[in-house]
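See below for the structure under consideration.
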Amino acid sequence: MRGFRAAAKRLGLSPSTVSDRIVQLEKRLGVPLLIRTTRSVVPTEAGHVLANRLLPVFAETRAALQDAASSHRDVRGLLRLNVTGAVMVDILPPLLDRFLHDHPGIRVELVVEDRLVDIAAAGCDAGIRYGEHLAQDMIAVPIGPPFQYLAVAAAPSYLDTRGVPGHPRDLLDHESIRLRFSSGALVPWSFERREETVTVDPPGRLIIGVDAADAAIGLACRGLGVIATFENWLRPSLDSGALRPVLVDWWTRFEGPHLYFSDRFMPSPLRAFVDLVQAERLSAAALARAPDCV
């Protein structure tokens, strides 16, 4: 728990006012809801049960208020998304750019973390995760590219000096630049070719958080080691020649991310964002099907 001070700041009240109101509520109910110490404030079992039952009510109330404040043409309110850091590089920013331009009455708050969370308990309207991390019993809408690749690359200067790996296991003999999720886990290096699957775990001479992926790619361009990450992140450096692709036959293809949310309610800001995501997806699919013009 963050305590009364953090709650007061979010509510625009004083810490003493928040504490007094909790005390009054506990007196009315006849049970303690929080255990207070000098260092922390944690809920009792009754507090947990009450919070879990009220969260959906509060969420639906917020959605109803936002819908009341919005007209068909002028959507207003707050959209709160819980997203994995992997979509913050080149998938989500352009969507947010258009979304905020089209809906000036909407505010967006992003909670960026890689662990799987209960979006309702986290106070979020929706989340963005990859398929293996999607929450159960949720509506899932594809967002961004339908497929992505785990690609491997290194600077030409590095490969000229150290040689080009011919098999994923050869990476164990190379300098590697590893990325770490905010959850603490390293991004796995797993590769596939036909029926063969290989996972390697180089110790990593450099280990960098995924939120600094651009820096990691820049260090790879300077010849400090082999990097394995999203192909779409590496594409500008590959196209410019700053990086050279490695083990292309082994690049693993996986399904792109999804926007997921509860089917119980959909506040108007979320509905507007889902509409945009689906429109962008249809537009991309139409462009993919269109014949090249001469």
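Within region 96-114, can you find the residues that are acidic (Asp, Glu) and either touching a residue at least 60 places away in the same chain (Cβ under 8 Å) or outside any strand (DSSP E or B) (or both)? Result: Asp97, Asp102, Glu113, Asp114. As for region 220-228, it holds at least one residue that is farther than 30 Å from Gln278 by Cβ, in contact with a Ser or Thr (Cβ under 6 Å, 6 or more places away or on another chain), not in a helix (DSSP H, G or I) and not aliphatic (A, V, I, L, M). For region 239-289, taking the residues that are among the polar types (S, T, N, Q) and closer than 22 Å to Ala126 by Cβ, the one that is most open to solvent (accessible area, probe 1.4 Å) is identified as Gln278. Total residues in region 187-230 satisfying the condition of being open to solvent by less than 70 Å² (accessible area, probe 1.4 Å) and within 16 Å of the chain's Cα centre (by Cα): the figure is 7.
Does Gly131 satisfy being open to solvent by less than 80 Å² (accessible area, probe 1.4 Å) and in contact with an Asp or Glu (Cβ under 6 Å, 6 or more places away or on another chain)? For Gly131, the condition - open to solvent by less than 80 Å² (accessible area, probe 1.4 Å) and in contact with an Asp or Glu (Cβ under 6 Å, 6 or more places away or on another chain) - is met.
For region 158-173, state whether one or more residues are open to solvent by 30 Å² or more (accessible area, probe 1.4 Å), touching a Lys or Arg at 6+ places or on another chain (Cβ under 7 Å) and over 25 Å from Pro267 (Cα atoms). No, that holds for no residue.
Name the residue that is nearest to Leu206 (Cα to Cα), counting only residues in region 168-195 that are in a helix (DSSP H, G or I) and of a type in the set (D, E, K, R). Taking the candidates together, the pick is Asp173. The requirement of being out of contact with any His (no Cβ under 7 Å at 6 or more places or on another chain) and not in a strand (DSSP E or B) is satisfied by Ala216. Residues satisfying the criterion are absent from region 57-72 (criterion: modelled with pLDDT of 80 or more and surrounded by 14 or more Cβ atoms within 10 Å (Cβ to Cβ)).
Reported count of residues in region 246-294, each being part of a loop (DSSP other than H, G, I, E, B), modelled with pLDDT of 95 or more and within 22 Å of Phe99 (Cβ to Cβ), is 0.
Could you go through region 175-196 and let me know if any residue there is at pLDDT 95 or above and more than 24 Å from Gly256 (Cβ to Cβ). Looking through region 175-196, at least one residue is at pLDDT 95 or above and more than 24 Å from Gly256 (Cβ to Cβ). Among residues of region 174-184 being among the small types (Gly, Ala, Ser) and free of Cβ contacts under 8 Å to residues at least 60 places away in the same chain, the one that is surrounded by the fewest Cβ atoms within 10 Å (Cβ to Cβ) is Gly184. In region 132-146, the residue that is modelled with the lowest pLDDT out of those that are in contact with a strand residue (DSSP E or B) (Cβ under 8 Å, 6 or more places away or on another chain) and more than 20 Å from Leu95 (Cα to Cα) is Ala135.
The single condition among (1) without any contact (Cβ under 8 Å) to a residue 12 or more places away in the chain; (2) in a strand (DSSP E or B) that Pro93 does not meet is (2). One residue is enough: does region 142-156 have a residue meeting the conditions over 30 Å from Leu78 (Cβ atoms), open to solvent by 10 Å² or more (accessible area, probe 1.4 Å) and more than 22 Å from the chain's Cα centre (by Cα)? Within region 142-156, one or more residues are over 30 Å from Leu78 (Cβ atoms), open to solvent by 10 Å² or more (accessible area, probe 1.4 Å) and more than 22 Å from the chain's Cα centre (by Cα). The condition (being at pLDDT 90 or above, in contact with a Leu (Cβ under 8 Å, 6 or more places away or on another chain) and of a type in the set (Asp, Glu)) is satisfied by just one residue among Asp201, Asp170, Asp160: Asp201. Considering Phe147, Phe181, the condition of being aromatic (Phe, Trp, Tyr), out of contact with any Ser or Thr (no Cβ under 9 Å at 6 or more places or on another chain) and closer than 30 Å to Gln278 by Cα is satisfied by Phe147 alone.
The values are calculated or read from the model by the stated rules, or taken from the named source; none is laboratory data. Note that this is a predicted model, so its numbers are computed, not measured. Don't worry about glycine lacking a Cβ; one is built from the backbone with ideal geometry, like all the others, and counts go over all protein chains shown. Side chains are part of the model used for accessible areas, which takes the heavy atoms of the whole protein and leaves out ligands, DNA and RNA. Shrake-Rupley method; radii C 1.70, N 1.55, O 1.52, S 1.80 Å.
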